[in-house]
1. In whole angstrom, note down how far apart the Cα centers of the range 32-82 and the range 104-133 are.
2. Sort 91-99, 129-137 by packing, meaning the average of other beta carbons within 10 Å per residue, with the highest value first.
3. For THR62 and ALA111, what is the calculated FRET efficiency with R₀ set at 41 Å and r taken between the beta-carbons, to the nearest 0.05?
4. Compute the distance in nm between two label points, each set 7 Å from the Cα along the Cα-to-Cβ direction, one at THR43 and one at LEU146.
5. Give, rounded to the nearest 20 debye, the magnitude of the charge dipole that the range 62-166 has about its Cα centre when Lys and Arg contribute +1 at Cβ and Asp and Glu contribute -1 at Cβ.
6. Sorted by average packing, counted as other Cβ atoms within 10 angstrom per residue and highest first, what order do 101-107, 77-83 take?
7. For the pair SER71/ASP55, report the inter-label distance in nm, with labels modelled 7 Å from Cα in the Cβ direction.
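Since every read-out is calculated from the coordinates, none of them should be taken as a lab result. Since the structure is predicted, the reported quantities are computational estimates derived from the model, not experimental observations. Positions of Cβ are generated from backbone atoms using ideal geometry, with glycine treated the same way; all protein chains shown enter the neighbour counts.
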Amino acid sequence: MIQMPFVKRLLLGLFAVLVLEVMAAPSALAGGPQRVPLLIPPTGTFGGLCAFDVDYAIVVNTEYNILFMDSAGTVVKAITEGHLVVTFTNASNGNHLTLNISGPGTATFNADGSQTLVFLGNGVLFSGNDIIYSKGRVVIVAPDPLSPGVIVSVSGNQRSLCAMLA
């Protein structure tokens, strides 16, 4: 297993905040799975992951989460699907890439408070010193939604977005 100091996908990092909000009002979701739009700020900057800041701009976002609850209304699983296209730009030199990072992905919230994240297809993962563009399957287990995760399996192709933008 590979320990990564800070592993979060752009979407599922923001997704964790959404899940925490939804968990605060479980009675509204007690009727079955709910489809919830994944709201991402249209622009932003990631600092400290590459030797330069990386700006992002959402080009297309029709991503959504399907939330599954147990009988108490607690979210136990989420599936992220839809279409997400993002332009990433090296803020120092202007080099940019527009990438389809639509996934899909799943998050399973385990009884012990940990979560298992499975990324399929195209996505972006964040480590302590890189942004990884992944095409394939990556499985991560994290002790909670906001803590570092451990990559337990990887298949497909993974490339450094920092190197691609340098």
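1. 11
2. Numbers: 91-99: 13.2, 129-137: 17.9.
With the highest mean Cβ count within 10 Å placed first, the list reads 129-137, 91-99.
3. Details: r = 32 Å, r/R0 = 0.79.
Efficiency at R0 = 41 Å is approximately 0.80.
4. My value for the distance between the label points is 2.8 nm.
5. On the way: 4 positive and 6 negative charges, 67 e Å.
It comes to approximately 320 debye.
6. On the way: 101-107: 22.1, 77-83: 19.0.
In descending order of packing, they fall as 101-107, 77-83.
7. It is 5.4 nm.
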